[in-house]
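Step one of this worksheet: look at the structure below.
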Amino acid sequence: MNSLLIRRNFQKLQKVTSPHNNKILNFICKKSYSRVVGEEFKLNDKLHGFRVEQINHIPELELTATQLIHEKTGASHLHIARDDNNNVFGVGFSTPPMNSSGTPHILEHTTLCGSKRFPVRDPFFKMLNRTLANFMNAMTANDYTIYPFSTTHKLDYDNLRDVYMDATFHPYLRELDFKQEGWRLEHKQPNDKSTPLQFKGVVYNEMKGVMSDAGYLFYNGVQENMFSGTTYGNNSGGDPKYITDLTYQELLQFHKTHYHPSNAKFYTYGNFPLSDHLATINNKIRGFEKSSLDEGIKNVKPFGSSPKRISLYGPLDPMINSEKQTKMSMSFLTNNINDTFETFALKIFSYLLLDGHASPMYKALIDGNIGSDFSENTGYDSSTKISYMSIGLQGMNEKYVPLAEETINKVLDDVSQNGFDSKRIEAAIHQTELSIKHKTASFGLSLMHLISSGWFNGSNPAEFLEINNNIKLLREKLKTEPFFQNLVKKYFINNPHTLISVMTPDSSYTEKLLKEEQSRLEAKTSTLTSEEKEKVYMQSIELLKMQEEEEDLSVLPSLKIQDIDKQTKKFELKFTDVNKCPVQWRNTSTNEITYFRIINKIEGLKEDLRIYLPLFAQALTSLGTKSKTMAVIDDDIRLYTGGINVSTFLSTNHSDLNQHEDGLLITSHSLDRNINHMYDILKQLLCETNFDNVDKLRTIIYANATNMMNSVVESGHQYASTFAGSKLIPTMSKAEIYGGMTQVHFMNKLAANEDFDTIIQKLKEISEYVLSKQSLRVAITCGSENVDHNINALSNFLIELPEKKLSQSNEQSSFQPTHEKAFFPLPFAVNFCAQAFKGVPYTHPDGAKLQILSSLMRTHYLHREIRERNGAYGGGATYNASTGIFSFFSYRDPKTLETLKTYRDSIEWVGKRKFTQQEIDEAKLSTFKKIDEPISVSEEGMNYFTGKITDEQRQKRREQLLAVTEDDVKEVAKIYLEKQEKENLNSIAIIGEGKPEISNDKEWKFYELSTEDEKK
């Protein structure tokens, strides 16, 4: 299971930092009938045990929402019928936590460890190789748990729905599964009683990693104190201090009371018939009787007459100035989310107040250099029944906390008197309009995430989908009253339920966590009798045996290799020149949107400038121009486009790993009526950037330094993999410079040194190498009726770009591979580990074999050894067809040195293992579900634009993948893995907690990341 802990991550989906993620709530627009996909229903129709309660046709989203109730059990069902073949299923349950032992989270894991119809260990993971599903997951939120998947294949959909429903309603819930996934006492070496006892468990180690993240700790601490005495005052993911209090019997009881149809909500989306869904679901749940459930306390008691203040502590980040690691926020209790219009209004208010360079809080707090960026909890949070909004900072000096609080109150007071600029309000509404038209490939999943929190708290889910009426009502209120001013006065001025939170770094925080764990461990073990100790040992042996057992997987449903399309999907492309600039055209239905991309190839860039290129890309959309501030330009971007993004670009040559393309990627999209505005704004940003804007430059460097470290905490396995790969091929070497640990350290050095004269000079030097019209190529996706309009607008845009003399630099050195064992010591409770091997380019026939090999190793060996035995949250092997890098990785891993041995052992295992044809076919299914996943219209044709990979090359690779045999995977394992392992031609990286075995081994190269000695 690749489960998401949503306590924080899912919150990011709920929180409005951009209206692109904000499908607005609305009033009900009732219809008396629904005709979709050949079916016709009306209110009170009865079908397969369900009764139709409400039907809503929502033209702006091109869908019909039908709500039903299961008459026997009371289960709710929302079906969204839409002409979309990426169908979604989800079953969810209200799971309010009664404490912080992580019961909902551990149950989410344990339900997927075998069930009545599918009595195999971990059927969820086993199904990953038996399906073409483009999404499978399970998620624990604040007060509910949901199990969704999406697929375009009808038989696949039926198979997965059976597995999901049997897992949730009829799981095995064996005690050994609880101990494996939740927590257990176990000897350090399970087979050796003489080794010390430890706490182990997948969720336990996952949450140890999560609790190493200062951002998560701050968000969690604020919510716990904001909702003290309610279910939201508990940690649904689990706090390691309390996870070890959870008993097996408590887990069983929680499932019995919460995973019941009376407490269930079913979500279906797409073009599969509703009647089929209802018949299947009814067949699964009709044996249950209706029951009731205690929802827990969700309404918090008011604080009293004055705000509440709390102090929190978190780990010290060694890469950031210790004097700039304080976080603070002011949190205000707001509305009941069942008031859908007010919820919509508060999301828009949050956007107006906080989002972008022109927002009043950004200008006052970030541009005012009080803090480096907004705190992680900043924004409107509707994931709780009674919502709240936080405004806060991170990367600040503790002495500025009073100033931050004063500034926040001052801005709120100003808004309460003067409201917002009408142009900014129109920009927010425009973004909403654009988000309606911009459909993504995962639209059905996005809608599910949008409605879930409100649905599980009693809101009508249809009201979350109807957007236009809410916009209309907002416009009416803006005409008749000072609407946003009144909203501020209602919830933010003199609100007694206000929480003021401050987190300061503690250099001994990690040490204190370890001491607490050791003390808790001693308390558990000191009272064990000899019989109980023997039981602990025997359970470990039993668990090891269970993990080794050969299982009959034939009970699991599976697609067949014949279900994979033999032909690759092709998109018709056209190619022209506009003002001597090559343009790729994809003409198709885009719902009145033009999608625009530029690749600016950079050659001859001096090596000392390369590390500044990501900052240069960000500067283009952050510094403004000599004549316009970024705040003014940002308002225009929001009013006329869906955003403008500039980033570094890398593409490995499809036939030679030593060749690559390097440069900048510039993207935007707009409504067709705003094309001229989009090109005009692009011209301003690309040609007129004011690199001398020191204040803005300082702001983005400080924010980057803070946010990059947060990213390492959350995605350390990706950073480890990038660093390991960077030693093997030139593309990955540059990827490390642009976005790896090298860039993280560099950005923190810039923040510590504050040598802005040098930085500005470097950025100006880079500007001489880039954005010359002769180094550009363009891709445009639009309707055929807008081609001429785009040609004219693009032609005018290109005329404004300069032609520069581009000379090759003699300073650019050729890449030389190296092979090392790298260690990055950081204060994490658990580690991230990667090992990289050099493979072959995209067109080489061995690439397909390596890709199938990675799937076989991940499924049949690495998952069991790294996750089930070692207790890491995740781990496996992956092969990147574009870069030609084969990588082993582990995620939130308490035993990284053992994991490195597991990597080595897995290579030997391949040579000895007999793979059945079924296993080979399943590996191919696993590979093709990624290759064939639905893509948005904006992504059509991008394989060729970015990597020059033709349809013929994609088809040939498809045929190579389908043709891979057992002998093939054994052969490439020997050539590319075994040989490189024996000759030490691979590279290793570990990020996290230091171990004596590493410190005392001279083969390891330490990368100390502290910048304390570099401060002025």
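So if R0 is 41 Å, what FRET efficiency would ASP656 and ASP276 give, r being the distance between their Cβ atoms, rounded to the nearest 0.05?
Efficiency at R0 = 41 Å is approximately 0.25.
Checking the a/c ratio against 1.5 first, then a/b against b/c, what shape does the Cα gyration tensor give for the stretch 501-557?
oblate
May I ask for the net charge around PRO360, where only other residues with Cβ less than 15 Å from the Cβ of PRO360 are counted and Lys, Arg are +1 while Asp, Glu are -1?
Around PRO360, the surrounding residues sum to -3.
Calculate, for LEU155 and LYS241, the FRET efficiency according to 1/(1 + (r/R0)^6) with r their C-beta to C-beta distance and R0 60 Å; round to the nearest 0.05.
0.85
Just the number, please: Stokes-Einstein D of the stretch 324-381 in µm²/s, Kirkwood Rh from C-alpha pairs, 20 °C, 1.002 mPa s.
170
Specify the inter-centroid distance of the stretch 709-766 and the stretch 196-250, based on alpha-carbon positions, in whole Å.
So the separation of the two Cα centres works out to 32 Å.
Roughly speaking, what is the centre-to-centre gap between the stretch 125-160 and the stretch 569-596 when only Cα atoms are used, to the nearest Å?
The stretch 125-160 and the stretch 569-596 have Cα centres spaced 34 Å from each other.
Can you give the Rg and Dmax of the stretch 45-295 based on its C-alpha atoms, in angstrom?
Rg, Dmax (Cα atoms, Å): 19.6, 68.
Can you give the Rg to Rh ratio for the stretch 308-506, taking only C-alpha atoms and Rh from Kirkwood?
Expressed as Rg/Rh, it is 0.99.
So between SER306 and GLU1003, what do we pick up on full extension, going 0.36 nm a residue minus the alpha carbon distance?
Additional length available on full extension: 245.0 nm.
Taking a ≥ b ≥ c as the square roots of the eigenvalues of the Cα gyration tensor of the stretch 818-914, is the shape rounded (a/c under 1.5), prolate (a/b larger than b/c) or oblate?
oblate
So how much slack lies between LYS512 and SER194, counting 0.36 nm per residue of separation and subtracting their Cα-Cα distance, in nm?
111.8 nm
If the label point is 7 Å along Cα→Cβ of LYS256, which residues in the stretch 235-250 have backbone nitrogen under 15 Å from it?
The answer is 247-250.
FRET efficiency for GLU398 and ASP905, Cβ-Cβ distance as r, R0 = 45 Å, nearest 0.05?
Working from the Cβ atoms, E equals 0.40.
Arrange the peptides 637-646, 975-984 so that the one whose residues have, on average, the most other Cβ atoms within 10 Å appears first. It would help to have the intermediate numbers written out before the result.
Working: 637-646: 21.4, 975-984: 16.5.
Going by the mean number of other Cβ atoms within 10 Å, highest first, we get 637-646, 975-984.
If you put +1 on each Lys and Arg Cβ and -1 on each Asp and Glu Cβ, how big is the dipole of the stretch 712-777 around its Cα centre, in Debye rounded to 20? Could you put the intermediate results ahead of the total?
Numbers: 7 positive and 7 negative charges, 72 e Å.
The dipole of the stretch 712-777 has a size of about 340 debye.
Solvent-accessible area per residue for the stretch 820-1006 at a 1.4 Å probe radius, Å²?
I get 37 Å² per residue for this part.
Give me the aspartates and glutamates in straight-line cross-link reach of LYS570: C-alpha distance below 16 Å, same-chain residues under 8 apart excluded.
ASP932, GLU933, GLU939, GLU940, ASP951, GLU952, GLU959
With equal scatterers on the alpha carbons only and no solvent term, can you work out the Debye log10 of I(q)/I(0) for the stretch 820-1006 at 0.08, 0.15 1/Å?
Per q value, in the given order, log10 I(q)/I(0) is -0.29, -0.92.
Can you compute the equivalent ellipsoid semi-axes for the chain, i.e. the square root of 5 times each eigenvalue of the Cα gyration tensor, sorted largest first and rounded to whole Å? Could you put the intermediate results ahead of the total?
Working: eigenvalues 307, 268, 216 Å².
So the three semi-axes of the chain are 39, 37, 33 Å.
In deg cm²/dmol, rounded to 500, what helix-only [θ] at 222 nm does the chain give when every DSSP H run of at least 4 residues adds -39500 (n - 2.57) and the total is split over its residues?
Numbers: 36 runs with 407 residues, N = 1016.
Dividing the helical sum by the residues of the chain leaves -12000 deg cm²/dmol.
Within the stretch 40-96, which chymotrypsin sites (Phe, Trp or Tyr not before Pro) sit in a loop by DSSP and count at most 13 neighbouring Cβ atoms inside 10 Å?
Counting only loop positions with at most 13 other Cβ atoms within 10 Å, none of the chymotrypsin sites (Phe, Trp or Tyr not before Pro) in the stretch 40-96 qualifies.
Can you pick out the pairs among LYS347/LYS601; LYS290/LYS439; LYS363/LYS1005; LYS126/LYS208; LYS734/LYS773 whose Cα atoms lie more than 32 Å from each other?
Violating the 32 Å limit, Cα to Cα: LYS347/LYS601; LYS290/LYS439; LYS363/LYS1005.
Let me make sure I get this right: for the stretch 136-178, a, b and c are the square roots of the gyration tensor eigenvalues over alpha carbons, sorted descending. Under 1.5 in a/c it's rounded, otherwise prolate if a/b > b/c, else oblate. Which is it?
On the way: a/c = 2.81, a/b = 1.41, b/c = 1.99.
It is oblate, given that a/c is not under 1.5 and a/b is not larger than b/c.
Full extension from SER526 to CYS687: what is 0.36 nm times the residue separation minus their Cα-Cα distance, to one decimal in nm?
Gain on stretching SER526 to CYS687: 51.0 nm.
Hey, rough spin-label estimate for LEU47 and GLN562, points 7 angstrom out along Cα→Cβ, what's it come to in nanometres?
Here the answer is 3.1 nm between the modelled labels.
Along the Cα→Cβ direction, 7 angstrom out, place labels at GLU476 and ARG117. What is the inter-label distance in nm?
Here the answer is 4.8 nm between the modelled labels.
Can you say what percent of the DSSP beta bridges in the stretch 820-1006, counting only those with both residues inside, are antiparallel? Round to 5.
Of those bridges, close to 70 percent are antiparallel.
Order of 716-726, 817-827 by packing, highest average Cβ count within 10 Å first?
Sorting 716-726, 817-827 by mean packing, highest first, produces 716-726, 817-827.
Using the per-residue mean of other Cβ atoms lying within 10 Å as a proxy for protection, in what order, highest first, do the peptides 503-514, 171-182, 387-398 fall?
Result, highest mean Cβ count within 10 Å first: 387-398, 171-182, 503-514.
How large, in percent, is the carbon and sulfur part of the accessible surface of the stretch 820-1006 at a probe radius of 1.4 Å?
49
At a 1.4 Å probe radius, which order do GLU550, GLU481, GLU919, GLU800 fall into by accessible area, largest first?
Correct descending sequence by accessible area is GLU550, GLU800, GLU481, GLU919.
How many nm is it between the label spots at GLU785 and LYS363, if each spot is 7 Å from the Cα in line with the beta carbon?
3.9
The values are calculated or read from the model by the stated rules, or taken from the named source; none is laboratory data. Because the structure is predicted, anything quoted here is derived from the model rather than measured. Positions of Cβ are backbone-derived with ideal geometry, glycine not excepted, and every protein chain shown enters the neighbour counts. Note: accessible area is taken over every heavy atom of the protein model, side chains too, but ligands, DNA and RNA are not part of it. Shrake-Rupley method; radii C 1.70, N 1.55, O 1.52, S 1.80 Å.
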